[in-house]
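I have placed the structure first, in the form of structure tokens, so that the comments after it can refer back to it.
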Amino acid sequence: MRNTLHLYQNSYIALDHRSNVSKLLKYIPPIQADMTNNEVMRVIDADSNIHMLPVVNGETPIGLITRYTMIDNLARPYRRELYGNRRCAETFMDPHPLIVEKSMSLKALSDIIAEEAQHFSNGFIITDNGRYLGIGRGQDLLREVTQMQINAARYANPITLLPGNVPINEQLERLLASECKFSVCYFDLDTFKPYNDIYGFRRGDEIISYTAKLLLSNVDQNFDFVGHIGGDDFIVIFQSEDWQERCKKILASMEADIANFYDEAHKDVGGIVAEDRQGKVVEYPFVSLSIGAVKVKPGKFRSQHELSSAVSLAKKQAKKMPGNSLFIERRL
């Protein structure tokens, strides 16, 4: 279980806004805290599919009782006589179950269960602003995680393992349909082709991998989506409100680190000299990042195709600016 969930965490799967705990929700009528153990056993005996019962005080969950715990305890000699008429909340209830909000991301939930494996077998309680909604099972979480791994691997970029064009477009469509606010940033490496020509594809791939890690380390992976279009082009779909500050940190890190990818001779002069496509000798500065950004509000775009076009135009404007740059489209 631990290995499976940690594989999920390290696979750069970007979760969309629907990939949260509510996908695992199953409703089971809860039992009240003042029910006796005999009453609880009657509920369990009446339905062989019940493996856990949430215990509530009014609408607030306070514990969890598993089928195994009740049968194991009450089946022993004299236990039914001793405990049968006592309140279930005072005896065999787990008073510290895992209780999660329906809006919690599956990644956040998997992080918790990977560290506390007992919740995988016992299950967890799902709430809405603290009110009982239903329960979730570790098996269902594992199934969702596995399916997302399969989908991500199918379209992942082989260098960065980031989602490619298909999941990027699907994510844009989902967010547009949800009518929520978000921002889309197109990241493009400047003067990367001459670097590749001089240093070769292997060294070029190192910059690509560095860029992917730089983006991932500066987003909130519970809310933001990092995708790799291909080559030196990346997309980040931000739902974080502080996305501009995150972009500025990315640009500052790129500027501080990029010289490490050059040989000493090129470090000394601040760039490389190479022929352009017309055969003309040109001086190229260090590789830098251009970011074209579009802020999306409900009803602003009719489709992901329309949005993608706007983001591409913003990126072209950013590339007209020297060095590491951020251009935010404000004309739309």
Segments classed as strands (runs of 3 or more DSSP E), wholly inside the range 80-198, with at least 3 members that are more than 19 Å from the chain's Cα centre (by Cα) and more than 29 Å from PHE238 (Cβ to Cβ)
131-136
For the range 30-59, pairs from a residue that is without any contact (Cβ under 8 Å) to a residue 60 or more places away in the chain to a residue that is of a type in the set (Gly, Ala, Ser) and in a strand (DSSP E or B), with Cβ under 7 Å and 6 or more apart or across chains, are VAL55/GLY63
Across the range 238-269, which residue is nearest to LEU175 (Cα to Cα) among those that are part of a helix (DSSP H, G or I) and aromatic (Phe, Trp, Tyr)?
TRP243
Residue in the range 15-46 that is modelled with the lowest pLDDT, counting only those that are small (Gly, Ala, Ser) and in contact with a strand residue (DSSP E or B) (Cβ under 9 Å, 6 or more places away or on another chain)
SER19
Taking the range 197-213 and keeping residues in contact with a strand residue (DSSP E or B) (Cβ under 9 Å, 6 or more places away or on another chain) and surrounded by 17 or more Cβ atoms within 10 Å (Cβ to Cβ) leaves TYR199, ILE207, ILE208, THR211, ALA212
From MET70, MET104, grab the single residue that is farther than 24 Å from GLN32 by Cβ and either surrounded by 16 or more Cβ atoms within 10 Å (Cβ to Cβ) or outside the structural domain of ALA33 (by TED's automatic domain parsing) (or both).
MET104
Determine whether GLY138 is farther than 16 Å from ASN20 by Cα and in contact (Cβ under 8 Å) with a residue 40 or more places away in the chain.
no
Some residue of the range 306-316 being within 30 Å of the chain's Cα centre (by Cα), under 15 Å from VAL184 (Cα atoms) and assigned to a strand (DSSP E or B):
no
For the range 273-290, which positions are more than 38 Å from the chain's Cα centre (by Cα), in contact (Cβ under 8 Å) with a residue 60 or more places away in the chain and under 13 Å from TYR199 (Cα atoms)?
ALA274
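The values are calculated or read from the model by the stated rules, or taken from the named source; none is laboratory data. Since the model is a prediction, treat every value here as computed from it, not as a measurement. Virtual Cβ from ideal backbone geometry, glycine too; neighbours counted across all protein chains shown.
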